[in-house]
Amino acid sequence: MAKREYPLERTRNIGIMAHIDAGKTTTTERILYYTGKIHKIGETHDGASQMDFMEQEKERGITIQSAATTAVWHGFFDQFEKTPYRVNIIDTPGHVDFTIEVERALRVLDGAVAVLDGAAGVEPQTETVWRQATTYDVPRIVFVNKMDKMGADFQMSVDSIHERLQVNAEAIQWPIGAEDDFEAVIDLITQEAYYPVDDLGEKWEPRDIPAELKDLAEEKRNTLIEAVADVDDDLMEKYLEGEDISIEELKAAIRRATLALQFYPVLAGSAYKDKGVQMMLDAVVDYLPGPLDVKPYIANDPKTGEEVDLIADDNKSFAALAFKIMTDPFVGRLTFMRVYTGTLKSGSYVQNTSSDTRERVGRLLQMHATSRTEIEEVFSGDIAAAIGLKNTTTGDSLTSVDNQLVLESMEFPEPVIELAIEPKTKADQDKLSNAIQKLAEEDPSFRATTNPETGDTLIAGMGELQLDIMVDRMRREFNVEATVGAPQVAYREAFTKTVQARGFFKRQSGGKGQYGDVYIEFSPNEEGAGFEFDDAIVGGVVPREYIPSVE
Ligand code: GDP
């Protein structure tokens, strides 16, 4: 049996979430650089980004794929050199068109870093992803990036968290200077300033806090203590008794409050100028949860109908969630999975309890920024990519053959935009069908349907950019030649808005293989609005002509 390299307490599965352009990609690259996997820092918009390896991403300079990258963190001062931390970074896209990808990532990570633009504070998409993270109970720290940018204002950024996100968040660091003068970072907990001593910002040294910032740093430490004490009884007791609060006590209280989603530590930095990222990694280790610190993932035992809590434990039987399918140029179809409990060896069989098929795992890989390693076994709490799973799609449960469980699955929202796509030739029609099937397996928010009036194929998704990229991928990866119509707001959206506002029914998305069919649960209609259904229709296919044009 292979040996577990990292104990669960030293494992972090994190995501980096942000409004587009806040610096998620740059921050991720710096993380990969400092964790020793990248030796050259690439600029996103030059197309040299390490995480984005798909062509479209390079051309557009945005991140789409939700790949997971495994890194190792030795600590800002190499304090974990002997017993480092494993940090798996689950890539979450920044563009609002891909919120579905964000949701999916949030399902499988334990904690997140929210990156803000220090000149903009909380932005609309920050609010969107923040809300999603709250839905999934994901503890977070906030990294106020771009402190070197014109207009950067740390206090404004902290205030914007209070105002727009309405949460208990306070600074654990304070920047020294801003814009061109952003120089260094004060650790409010230790009351020490850290200054970079080389150009790449790799080595830092502690110094006294500059005299003119001493009062501010002390005041901000008190603000921090009060905010944490407010939600942590132990700290409150000490605080009320007027006792000195040690560095360790304060850090432990911040950790408890952050894990309990009662507090959000805020940090300052500039990924671009190589400042603050290593300290942020220390905060990931200090304050974000490991797999044992989060509430158990829920599964269902189909034999007994009972709920089972999945707690990370190598001695239990294997249970994992397939959260991403990717086609890799070198090895083909990759199924990324988060292992909730048990272990899985390459070459063994798993039960896909979502599709009720048994599949063999050919090989297991772990992805690093610039390399990949083949592993013999993946352990509980970890993430790996399997080669050889042909019938597994995003959101499927993978469990041991002997102890089959169905994991609480992901929900995929209805598409909001659609466009007609017409293949040039008959051969293209077949290629198109194949492409649609493959792409929908990778991304369940992407669907196709047929317009009953014209017979046209319609593809539908969460946004224009997503559909653009899908059409582009059809051409590049599947050689589909087709003409494409103008994007239309999917009829379902207009429909939903009106009807949901009246609280008539709950919609559910179509199951596998029924792309585009709309499954609707109706409650008995009292008010009309064009329906005459007496009984609830659950899981029925509703033909397009039944979709009313209600205002
Ligand atoms: P993403 O869309 O959130 O992934 O953002 P990117 O990492 O692609 O960054 C968007 C733009 O902001 C790029 O031009 C970066 O070079 C720039 N950027 C990222 N981090 C910083 C920073 O700390 N300071 C400044 N001034 N610019 C930054």
**OP:** Please identify every one of the GluC sites (Glu not before Pro) in region 201-251 that sits in a loop by DSSP and has no more than 16 other beta carbons within 10 Å of its own beta carbon.
**Re:** 202, 241, 243
Original post:
Once the piece of chain linking residue 190 and residue 156 is laid out straight, how much longer is it, given 0.36 nm per residue of separation minus the C-alpha distance between them?
Top reply: 9.9 nm
**OP:** With a 1.4 Å probe and every protein chain left in place, tell me how much accessible area residue 72 has, in Å² to the nearest 10.
**Re:** 30
Original post:
Summing Lys, Arg as +1 and Asp, Glu as -1, what charge do residues with Cβ under 13 Å from the Cβ of residue 78 carry, residue 78 excluded?
Top reply: -1
Subject >> Rough spin-label spacing in nm, given labels placed 7 Å along Cα→Cβ, for residue 249 and residue 236 >> reply: 1.6
**OP:** Using the Karplus curve 6.51 cos²θ - 1.76 cosθ + 1.60 with θ = phi - 60°, work out ³J(HN,Hα) for each residue of region 377-392 in order, rounded to whole Hz, and write x for Gly and Pro.
**Re:** 8, 10, 9, 4, x, 10, 10, 8, 10, 9, 9, x, 8, 8, 9, 9
**OP:** Starting from the residue with the highest accessible area, list 409, 157 in decreasing order, probe 1.4 Å.
**Re:** 409, 157
Original post:
What FRET efficiency would be calculated for the residue pair residue 83, residue 212, taking the C-beta separation as r and a Förster radius of 45 Å, to the nearest 0.05?
Top reply: 0.70
Original post:
From a point 7 Å beyond the Cα of residue 376 in the direction of its Cβ, which residues of region 326-356 have a backbone N at a distance under 18 Å?
Top reply: 343-349
**OP:** Give me the accessible area per residue for region 109-255, probe 1.4 Å, as a whole number in Å².
**Re:** 46
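The values are calculated or read from the model by the stated rules, or taken from the named source; none is laboratory data. Source: prediction; values computed, not measured. We place every Cβ from the backbone using ideal geometry, glycine too, and count neighbours over all the protein chains shown. Side chains included, ligands, DNA and RNA excluded: accessible areas come from the protein's heavy atoms. Shrake-Rupley method; radii C 1.70, N 1.55, O 1.52, S 1.80 Å.
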